[in-house]
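Participant: After the structure tokens below, expect a handful of questions from me.
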Ligand code: DGL
């Protein structure tokens, strides 16, 4: 069982930012990544649709013998992880916007959160934000249009810059000192965000926390792969495999999937 792969899925290629953190922390683990790019973005879909797609992705990864599943998508986590945990026996690791560290450390008492509509309107997000927003101004912004640009390989484009400038404007007006990235596609925007944000604004994402949690849960279940052989890390996409490839090291295998 411990030699079976970790399964990772996202609505598309954004979750590769989470894969990279997991692989850095757990280099012996085999992984299977599923990019459901054909159905991206999930952010504007209903909870029911997000749940249906998350179940489909989970079942595909279970057929590939995943020993644990990382839902490398804030939108799928906040809308479906409870139901997934209730329905399947494998452990699930999810990802949510990291409001807590931002709220605990803000000096200006204003933090920005950039995420999808599906995440920002979810019950789970409201629960967490209610818990940490006391006395703090939370500037929530839907990142409409960002995921499709990343999926189209236009992360570093003039269109992206225009969108980000517009989305950061109300946050900067409110004097945020933390920007929380609430979508796994967004870490790929960090170089552009650093150009657009004043230097005192810190960017927070949840990737490392997810990798640490994955390691802790594998340990708890005695599922860590301790073998010394070279790991297999395979990436499947039902969308544009070339864009997926462009985010990854040449050593990783990418495959087109009819799914
Ligand atoms: N990577 C997904 C997330 O973390 C993007 C959601 C979408 O497809 O809209 O939320």
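Participant: Please verify whether residue 50 is surrounded by 15 or more Cβ atoms within 10 Å (Cβ to Cβ) and more than 30 Å from residue 175 (Cα to Cα), treating the condition exactly as stated.
Facilitator: yes
Participant: Another question about this same structure. Among the residues that make up segment 216-226, is at least one of them surrounded by fewer than 19 Cβ atoms within 10 Å (Cβ to Cβ), farther than 23 Å from residue 79 by Cβ and at pLDDT below 95?
Facilitator: Looking through segment 216-226, at least one residue is surrounded by fewer than 19 Cβ atoms within 10 Å (Cβ to Cβ), farther than 23 Å from residue 79 by Cβ and at pLDDT below 95.
Participant: I'd like the residue in segment 118-136 that is in contact with a strand residue (DSSP E or B) (Cβ under 8 Å, 6 or more places away or on another chain) and more than 30 Å from residue 158 (Cα to Cα) and, out of all such residues, is surrounded by the most Cβ atoms within 10 Å (Cβ to Cβ).
Facilitator: 125
Participant: Of the residues in segment 77-132, how many are at pLDDT below 95 and within 12 Å of the ligand (Cβ to nearest atom)?
Facilitator: Qualifying residue count for the region: 0.
Participant: Applying the selection to segment 239-253, what residues are in contact with a helix residue (DSSP H, G or I) (Cβ under 8 Å, 6 or more places away or on another chain) and surrounded by 18 or more Cβ atoms within 10 Å (Cβ to Cβ)?
Facilitator: 239, 240, 243, 244, 247
Participant: Which of the residues that make up segment 232-251 are modelled with pLDDT of 95 or more and under 15 Å from residue 23 (Cα atoms)?
Facilitator: Passing the criteria: 232, 233, 234, 235, 247, 248.
Participant: OK, next. So, of the residues in segment 145-176 that are within 22 Å of the chain's Cα centre (by Cα) and in a loop (DSSP other than H, G, I, E, B), which turns out to be surrounded by the most Cβ atoms within 10 Å (Cβ to Cβ)?
Facilitator: Looking at the filtered set, the residue picked out is 155.
Participant: All but one of (1) in contact with a strand residue (DSSP E or B) (Cβ under 6 Å, 6 or more places away or on another chain); (2) surrounded by fewer than 18 Cβ atoms within 10 Å (Cβ to Cβ) hold for residue 233; state the number of the condition that does not hold.
Facilitator: (2)
Participant: OK, next. Between 203, 190, which is in a helix (DSSP H, G or I) and surrounded by fewer than 19 Cβ atoms within 10 Å (Cβ to Cβ)?
Facilitator: Just one listed residue meets the conditions, 190.
Participant: Which residue pairs have Cβ atoms closer than 6 Å, lie 6 or more positions apart in sequence or on different chains, and pair a first residue in segment 158-186 that is over 21 Å from residue 108 (Cβ atoms) and within 16 Å of the ligand (Cβ to nearest atom) with a second residue that is assigned to a strand (DSSP E or B) and modelled with pLDDT of 95 or more?
Facilitator: The qualifying pairs are 183/115; 184/10.
Participant: Something else now. Residues that are free of Cβ contacts under 8 Å to residues at least 12 places away in the same chain and closer than 30 Å to residue 179 by Cβ, at least 1 per element: which helices (runs of 4 or more DSSP H) completely within segment 1-107 meet that?
Facilitator: 47-63, 74-87
The values are calculated or read from the model by the stated rules, or taken from the named source; none is laboratory data. Remember, predicted model here, so these are calculated numbers, not experimental data. All Cβ positions, even for glycine, are placed from backbone atoms using ideal geometry, and neighbour counts span all protein chains on display.
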